[in-house]
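Participant: Have a look at this one.
The values are calculated or read from the model by the stated rules, or taken from the named source; none is laboratory data. Because the structure is a prediction, the values reported are computed rather than measured. Neighbour counts are summed over all protein chains in view; Cβ atoms, including those assigned to glycine, are modelled from backbone coordinates with ideal geometry.
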């Protein structure tokens, strides 16, 4: 399902302009990471994808739906949205019920709900905690409950606002694998993240925002190669990219594996 | 306020509002804010009190006009006017204080005059937490709408939605309180020593004098009204 953003402007009622002249498309199955300084407008932009905010000018369409003419609850059939703070949504007394909240709002049958919830919980690794009280779990786990509650709605598009915050190495690896797996199923994943390494590992397209405008929008390698522009948005490329640059590698690398590959090449005897 | 409430002359509260509170608001450049908020506070009272007292004031006889079995009576309206005048004065004076005095200044002044620190903290956080709670409530509404909770339709569906909204608000408020308490203790909130303040109060002789004058005047006025001298 295609997301299309057309000359999007957004200003708050007090006149502060947060988004200006944004136009782009995101095709089915793309993995897009939106990066930028705090206050650059990232969250404001993604809130337009499910209609939580409506454009002041221009329009946003999800498939054939204009967000202007649909309620947020309707948009929820197409766009799943994971918020930063899980405590702002969790209210059921069992993990299972919390995850079932979204699917039941979508009007699924009890059997379907059971199936969706079980699948979502096993995806995030919480299958054996389905009977527990969400607030008995650690905050990082509660975040996974929130993620499962969004996954269980099985929307074609997923927006993840800062999914990596508070996750340890294992959580990060699981989240990365999950994103890769969801893309395999043809889902579109959009994330906001400050973790450049995570973006480099799992996202193929990077959007860099600065003061409500799109500074760069392109393939991950191309974007992370542009050190000066990134610095202008107060961002630093991934560690491996900087290391590769410092060692004078001929190509831009973004992940550990790419770095090792490129580095090995420079050590090969020349013929 | 005390003067207005203890007066036997029914026009005094309104007069005080017009000739004391409003000029003070103009002086402090708060007229717009004060006017708008006072109206918003007063309007529901005005409507209900006028209707209820106007039609149902016990023992009233002077009928102004009748509407079926109900009749609007003069005594009721007068009573409503008296009550409303008091509410107007109460709201006006309270809001003027709220708008003109930063909560931190108010609390600092109270503490310097012997008000317990912990209580002062409770008062000031209660005031400062409101916008925070409001933002949080908004975030919760958004999170649940994003999971397909319909809040834009009829009343029945909306009332069903309430639990999904109140639950996280209460839970996260409890978590907040816990963290706030830890953060306070980590910064020596209950250390048994006297505290200094970053802020300095500019309390002039004239202001102190004015306060005493107000107190004396109020007591004198009440005595006059009650004693009926």
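Participant: Just a yes or no: is a residue in segment B:175-186 facing another protein chain (nearest Cβ under 9 Å), surrounded by 12 or more Cβ atoms within 10 Å (Cβ to Cβ) and closer than 30 Å to residue A:75 by Cα?
Facilitator: Looking through segment B:175-186, none of the residues is facing another protein chain (nearest Cβ under 9 Å), surrounded by 12 or more Cβ atoms within 10 Å (Cβ to Cβ) and closer than 30 Å to residue A:75 by Cα.
Participant: In segment B:193-229, which residues are modelled with pLDDT of 80 or more and under 21 Å from residue B:109 (Cα atoms)?
Facilitator: Within segment B:193-229, B:205, B:206, B:207, B:208, B:209, B:210, B:211, B:212, B:213, B:214, B:215, B:216 meet the criteria.
Participant: Turning to a different aspect of this structure: Just to be sure, is residue A:98 over 18 Å from the mean Cα position of the chain (by Cα) and more than 12 Å from chain B (Cβ to nearest Cβ)?
Facilitator: no
Participant: Quick one: count up the residues across segment A:101-114 that are more than 8 Å from chain B (Cβ to nearest Cβ) and either in contact (Cβ under 8 Å) with a residue 40 or more places away in the chain or over 18 Å from residue B:141 (Cα atoms) (or both).
Facilitator: The number of residues fulfilling the criteria is 9.
Participant: Further, regarding this structure: Would you pick out the residues in segment B:112-150 that are exposed (fewer than 11 other Cβ atoms within 10 Å of the Cβ) and within 14 Å of another protein chain (Cβ to nearest Cβ)?
Facilitator: Of everything in segment B:112-150, those that are exposed (fewer than 11 other Cβ atoms within 10 Å of the Cβ) and within 14 Å of another protein chain (Cβ to nearest Cβ) turn out to be B:134, B:135.
Participant: Any idea which residue in segment A:42-70 is farthest from residue A:103 (Cα to Cα), counting only those that are part of a loop (DSSP other than H, G, I, E, B) and touching a residue at least 40 places away in the same chain (Cβ under 8 Å)?
Facilitator: If we take residues in segment A:42-70 being part of a loop (DSSP other than H, G, I, E, B) and touching a residue at least 40 places away in the same chain (Cβ under 8 Å), then A:56 is farthest from residue A:103 (Cα to Cα).
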